[in-house]
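Here is the structure we will look at.
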Amino acid sequence: FKMSMKLRDLIRKVRACKTAAEERAVIAKESAMIRTAIREEQEHYRHRNVAKLLFMHMLGYPTHFGQLECLKLIASPHFPEKRIGYLGMMLLLSEQADVLMLATNSLKNDLNAKNKFVAGLALCTIGNLATSDMSRDLAPEVDKHLKAPTPYLRKKACLAMARCLTKCPDMVDDFVDRVVTLLKDKSHGVLITVVQLMTVVLLVDVQNAEEEGIEDITETPCRVAFLRLVPALVKLLRNLLSMGYSPEHEVGGISDPFLQVQILTVLRLLGTNNEEASEEMNDVLAQVATNTETSKNAGNAILYECVQTIMATESEDSLRVLAVNILGRFLLNRDNNIRYVALNTLARCVEEQKHSGGSVLVASGENANSAASALQRHRTTVVDCLKDPDISIRQRALELIYHLVNQENVEDLTAELLNYLVLCPREHRADICARVLRVVDTYSPDDRWRVDTLITMLTIAGRETSTDVQYATIVYISRSSEDIQAYATHKLLKAIRDDDGTQLGLLEVGIWCIGEFGDFLLNPYSYEIPAKLDEPSSTVSFMQLDAATVVDTVEAVTKRHSCPQTVKERSLTCFAKLSDRYADKADPATLSRLHELIKKNQDSHSLELQLRSCEYDALLNAAKGISTPAGGNKDDDIFGVTTEPGVVSAQVISAAKEALARMPVVDLKVLQRKQAAAHFGEIGMGVVPRTNGTANGAAAKGGDLLDLEDIFSSGAPAAAPVVATETQNGSSAPAAQPAKSDVDLLADIFSASALPSQAAAPPTSMGGVDLFAAPALSQPAAPAVINPMDLFGSPPPPALAASVPLSADPFGS
């Protein structure tokens, strides 16, 4: 009784199990019984055992031991057993199974059977499992059924042939004529399968053409033959649209939507890059787009495929506008699936048009009848999708908004992006910030708006922004006029005060700007925002601050327990810069406090903080004319440039003040000429800020922000340029010579004689995009001796020129 348990009894037992362990025990016991029956060759239970194996397979249990039983069943002369065998073969076997080759002879015999249902089972199996060898052997038998008298076999033969041609692409040309004949069939089932076969043949033909290196894939013999069928396909589609009520093929009030979708798919493949075919199908596409009912999903499916076809073919502008409007209606649908499809299709169409050289992001007044302007009209609907609770809808809307930005709407859409930045998941913020940076860089109307937007973004998502966003913000601020620099510094100081210490990017950019432009904070600032269409003019004002308040703000950031070491390093550089900025503007108590804050970390456990503290202390003393002894010998100055013991030379004082001065902005063209002379090649900038049409103070003086190393080195060997990297950016390690002696690195700034040089190691980067780096080349074995005090000296001869890596980042960490 147990050996012959019926399938329904096994199902009852499994359903009665209360735990997964109990179910596994029932399946294991029944599997053991089936194995015993297989081993004992119990033929009268074979079909029952395979049926039970199918049920186990549905539950996810291994059933590979029953594969040969399926092959034995398909060889049975009885139809019920053969049906179970073919079903088991299609489910339990894959095309990688070795035993599948054993079924080739049985399949050939069944294809020649007089019973159409037996032949239908064989055709179904070929359509699901045929390998390349089986396809080549059985294709002639399948071809016979393409001419079968019954539609039942013709439609199954079309699907089986599609599988064979996919596995053996070289047979495509032999069956093109057969497809042309079948397209005249009157059975809807045969027509659907024939159109599917045409789709497969076209895709395989394109693959063959690419593998053979054919440049013009639109002129292959297979494609040319199918292009002659475009009028027939158009007529067939038009007949479906005008067909009356047909209960056999109607779905939701639409006449055979499955066949309509398949025909539109083939038309899309044939109309791509073919103006003549596209022109023939324009009228019927417009008819489908205007006459299809959208109240049911069947109509939406047809419209979606129609939009795909219009966008892929060489359609007229009016049709493209119609397609965009259809997708705009989809965006108003309550079904999230339809809205997702619409957003995805719009984004893909925009991207494809960009790659093809089309101009999608045109102004609303230009070419008002184009698809691009139609897409801009649905901008509000797309922006509303950012408020959808479904994360997938929000992500697709976000992708589309990036493509919609242009010169006219950049301010509105960027505001929407910043609003979404507040609500979006934290793991998506870094990507959004990078995209906003690209939008700002490309379409910014003026420098003030650009800087304001980047500061707002750092205030919202400073902890998630990458270093390239921070560096770019610093570059934009430094290249701006003094008016915008003052505005940015005031706004950053206010943002730092309001922040709880978690926005790391804001702190790093803000502290850098406070150190560089801190003197602007001592004066009040006001700016009048011009009136817009719907907003009156307004005034932005910042009160003047005293030096002590500025120092208190930066010190408060460093005292937080959550303050990272990188921010503390920036703050030391900031204190050193402020000591120079406030030298003649602050009271002696504040200046003394700044010096104490710098010396505070001379005993720090962090080597970087300790090194910066000692070096900045020596630099400030040198600027004041105070000598700093080297080691235990009080007569030797740490800078190595002395005329008499205990006296700081005028050269050292001048160089120290120059090192503490504001970072200059140099002409990009001058830098390029210097780099070309030194065999640098192209500039390796990660982000090159754009220059607006309106000139500002920095732009009038010249190009991009670079640190002193780029200005002073002129392609010189590594000894002299260390001064800029150390003093301006606060870096504690020389860029080109990490293998130095333990002598204080500041000695490189002022020493008259070069230290023994070692082989230069490649500079390391702190991560992110390197705004200023140029490709580093190997240094010459014997560098020319350069006067380190000749800050603006001409470049050395090309034969002796050495590549000096540009600064890794504006912070100098």
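Stretched out straight at 0.36 nm per residue, the stretch from residue 16 to residue 650 would grow longer than its current Cα-Cα span by 218.5 nm.
Does segment 252-294 come out rounded, prolate or oblate, given a ≥ b ≥ c as the square roots of the eigenvalues of its C-alpha gyration tensor, rounded meaning a/c under 1.5 and, failing that, prolate meaning a/b above b/c? Spell out each step's value before the answer.
Details: a/c = 3.58, a/b = 1.75, b/c = 2.04.
In terms of gyration-tensor shape, oblate.
In segment 171-297, inverting the average of 1/r over every pair of distinct C-alpha atoms gives 15.5 Å as the Kirkwood radius. The modelled label-to-label distance for the pair residue 109/residue 68, using points 7 Å beyond Cα in the direction of Cβ, is 1.8 nm. The portion of the accessible surface of segment 8-98 made up by carbon and sulfur, rounded to a whole percent, is 55 (1.4 Å probe; DNA, RNA and ligands excluded).
Can you work out the FRET efficiency for the pair residue 449 and residue 607, with r the C-beta to C-beta distance and R0 = 45 Å, to the nearest 0.05? Calculated value: 0.60. In terms of its C-alpha gyration tensor, segment 46-98 comes out oblate, because a/c is 1.5 or above while a/b does not outweigh b/c.
With every protein chain kept in the model, how would you rank 35, 426 by accessible area, 1.4 Å probe, largest at the top?
426, 35
To the nearest 0.05, what FRET efficiency results for residue 387 and residue 527 with a Förster distance of 45 Å applied to their C-beta separation? Each step should come with its number before you reach the end.
Values: r = 32 Å, r/R0 = 0.71.
After rounding, the FRET efficiency stands at 0.90.
Remark: accessible surface ordering of 446, 317 (largest first) is 317, 446, probe radius 1.4 Å.
Which pairs in the list 108/186; 155/184; 585/624; 6/29 are over 20 Å apart, alpha-carbon to alpha-carbon?
Details: 108/186 28 Å; 155/184 13 Å; 585/624 16 Å; 6/29 14 Å.
Pairs exceeding the cut-off: 108/186.
Assuming a ≥ b ≥ c are the square roots of the Cα gyration tensor eigenvalues, decide whether segment 82-182 counts as rounded (a/c under 1.5), prolate (otherwise, with a/b larger than b/c) or oblate. It comes out oblate by the Cα gyration axes. Less than 5 angstrom separates the built amide H of residue 250 from those of 256, all sequence-distant by 5 or more or on a different chain. When the accessible area of segment 190-230 is computed with all protein chains present and a 1.4 Å probe, what percentage of it is carbon and sulfur? C and S fraction of accessible area: 52 percent.
In the full protein context, segment 391-525 carries 31 Å² of accessible surface per residue, based on a 1.4 Å probe and ignoring ligands, DNA and RNA. Near residue 542, the amide H atoms lying under 5 Å from its own belong to 525, 526; only residues 5 or more places off or on other chains count, and H is placed 1.01 Å from N.
Cα centroids of segment 88-107 and segment 433-496: 64 Å apart. Ligands, DNA and RNA are left out, and with a 1.4 angstrom probe the accessible area of segment 177-322 is 47 Å² per residue.
Averaged over its residues, segment 1-108 has an accessible area of 57 Å² per residue, based on protein heavy atoms and a 1.4 Å probe. If the segment from residue 29 to residue 500 were pulled out straight at 0.36 nm per residue, it would be longer than the present Cα-Cα gap by 163.1 nm. Between residue 42 and residue 337, the contour length at 0.36 nm per residue exceeds the alpha carbon distance by 101.1 nm.
Show me the ranking of peptides 448-456, 107-115 by mean Cβ neighbours inside 10 Å, starting with the highest. Each step should come with its number before you reach the end.
Values: 448-456: 21.2, 107-115: 15.8.
Top to bottom by mean Cβ count within 10 Å: 448-456, 107-115.
Of the residues 377, 396, ranked by 1.4 Å probe accessible area with the largest first, the sequence reads 377, 396.
The values are calculated or read from the model by the stated rules, or taken from the named source; none is laboratory data. Just so you know, these numbers come straight off a predicted model, no measurement behind them. Virtual Cβ from ideal backbone geometry, glycine too; neighbours counted across all protein chains shown. Side chains are part of the model used for accessible areas, which takes the heavy atoms of the whole protein and leaves out ligands, DNA and RNA. Shrake-Rupley method; radii C 1.70, N 1.55, O 1.52, S 1.80 Å.
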